[in-house]
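None of the figures in this text is laboratory data; all of them are computed from the coordinates on show. In this text, all values refer to a predicted model and were calculated from it rather than measured experimentally. Note that each Cβ is placed from the backbone with ideal geometry, even for glycine, and that neighbours are counted across all protein chains shown.
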Amino acid sequence: MTLSTRIGVMDAGEIVQVGEPHDIYEFPQSRFVADFIGSVNMFEGRVVDDAENYVRIHCQQADCDIHVAHGVSCTENQRLWFAIRPEKMTLSREKPEGIYNFVEGRVDEIAYMGNLSVFRIKLDSGIIVRVTKSNLSRRDEDNISWDETVFVSWEDTAGVVLMQ
């Protein structure tokens with residue numbers, strides 16, 4: 001992605017999305033593109049509230065409602081997917097206050113990569129959620145470790161709703 005100004009993503013011999021690297025990564029138009037370009041957490045759900053300026057999706061597998069702060073052309077009970085990149089998510093030991101979007105799970109694995117750490121959080125349903133955290137200082141003040149109960153949260157503008 002660093003060598004190009006435009007990217008075309010193909011699936012089964014057909015071009016499914018063309019755009020600048022930033023647009024392909026941040027605004028994929030399908031599950032295939034979201035998964036093909038980088039790491040992504042994908043939540044399948046049904047629309048439970050469809051308003052002009054937001055949509056609420058119930059994800060049965062993760063046992064949560066996902067609030068998206070912009071309208072989507074959809075209908076109630078429609079099946080769709082919410083895609084969110086691991087770096088757009090936050091880890092904490094405390095239940096987030098004033099945030100719509102969060103899930104609770106256990107730290108299943110931590111991969112220290114130097115500049116960042118990758119956390120695999122296992123939800124009660126068995127779903128694995130990946131969260132990346134920049135290692136900005138030499139000491140990790142949070143010091144979240146294996147097998148701890150944590151909350152994964154994200155802003156209501158952090159992900160993208162996908163219809164296919």
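Considering the values [x] 1.31; [y] 0.95; [z] 0.98, which represents Rg/Rh (Cα atoms, Kirkwood Rh) as calculated for the structure under consideration?
[z]
Expressed as a whole number of Å, what is the distance separating the alpha-carbon centroids of the stretch 131-164 and the stretch 33-58?
First find each Cα centre; the distance between them is then 18 Å.
Treating only the Cβ atoms of Lys and Arg (+1) and Asp and Glu (-1) as charged, compute the dipole magnitude of the chain about its Cα centre; round to the nearest 20 debye.
Values: 16 positive and 27 negative charges, 85 e Å.
For the chain, the charge dipole is close to 400 debye.
Pop a pseudo-label 7 angstrom from the Cα along the beta-carbon direction at both V118 and C74 and give the gap in nm to one decimal.
With each label placed 7 Å out from Cα toward Cβ, I get 2.7 nm.
Which one of G126, G114, G105 has the biggest mean-square fluctuation once the chain is modelled by GNM with Cα springs under 10 Å?
Checking each option, the largest mean-square fluctuation is seen for G114.
Can you show me the helix-derived [θ] at 222 nm for the chain, built from DSSP H runs with n ≥ 4 at -39,500 (n - 2.57) apiece and divided by the number of residues, rounded to the nearest 500. Mind showing how you got there, number by number?
Numbers: 2 runs with 12 residues, N = 164.
It comes out at -1500 deg cm²/dmol, rounded to the nearest 500.
Applying the Karplus parametrisation 6.51 cos²θ - 1.76 cosθ + 1.60 with θ = phi - 60° to the phi angles of the stretch 131-142, what ³J(HN,Hα) value in whole Hz is obtained for each residue in order, glycine and proline being reported as x?
Values, residue by residue: 10, 10, 9, 5, 8, 7, 10, 6, 10, 8, 5, 6 Hz.
Filter the GluC sites (Glu not before Pro) in the stretch 63-108 down to the DSSP loop ones having no more than 13 other Cβ atoms within 10 Å, then list what survives. List each step's numbers first, then the result.
Values: sites: E76, E87, E94, E97, E104; in loops: E76, E94, E97.
Answer in residue order: E76, E94, E97.
For the stretch 101-164, which trypsin sites (Lys or Arg not before Pro) are both in a DSSP coil and crowded by at most 16 other Cβ atoms within 10 Å? Working shown, then result.
Numbers: sites: R106, R120, K122, R130, K133, R138, R139; in loops: R138, R139.
For trypsin sites (Lys or Arg not before Pro) across the stretch 101-164 that sit outside H, G, I, E and B with at most 16 neighbouring Cβ atoms in 10 Å, the list reads R138, R139.
S39 versus N135, label points 7 Å from Cα toward the beta carbon: distance in nm?
1.3 nm
Using 0.36 nm per residue of separation minus the Cα-Cα distance, give me the extension gain between T2 and E155 in nm, one decimal. Present the calculation step by step, with values, prior to reporting the outcome.
On the way: separation 153, 0.36 × 153 = 55.08 nm, distance 2.70 nm.
Once the chain is fully extended between T2 and E155, it gains 52.4 nm.
Using modelled amide H (1.01 Å from N, peptide plane; none on Pro or chain starts), what sits under 5 Å from the amide H of Q17, excluding residues fewer than 5 places away?
For Q17, the qualifying residues are V9.
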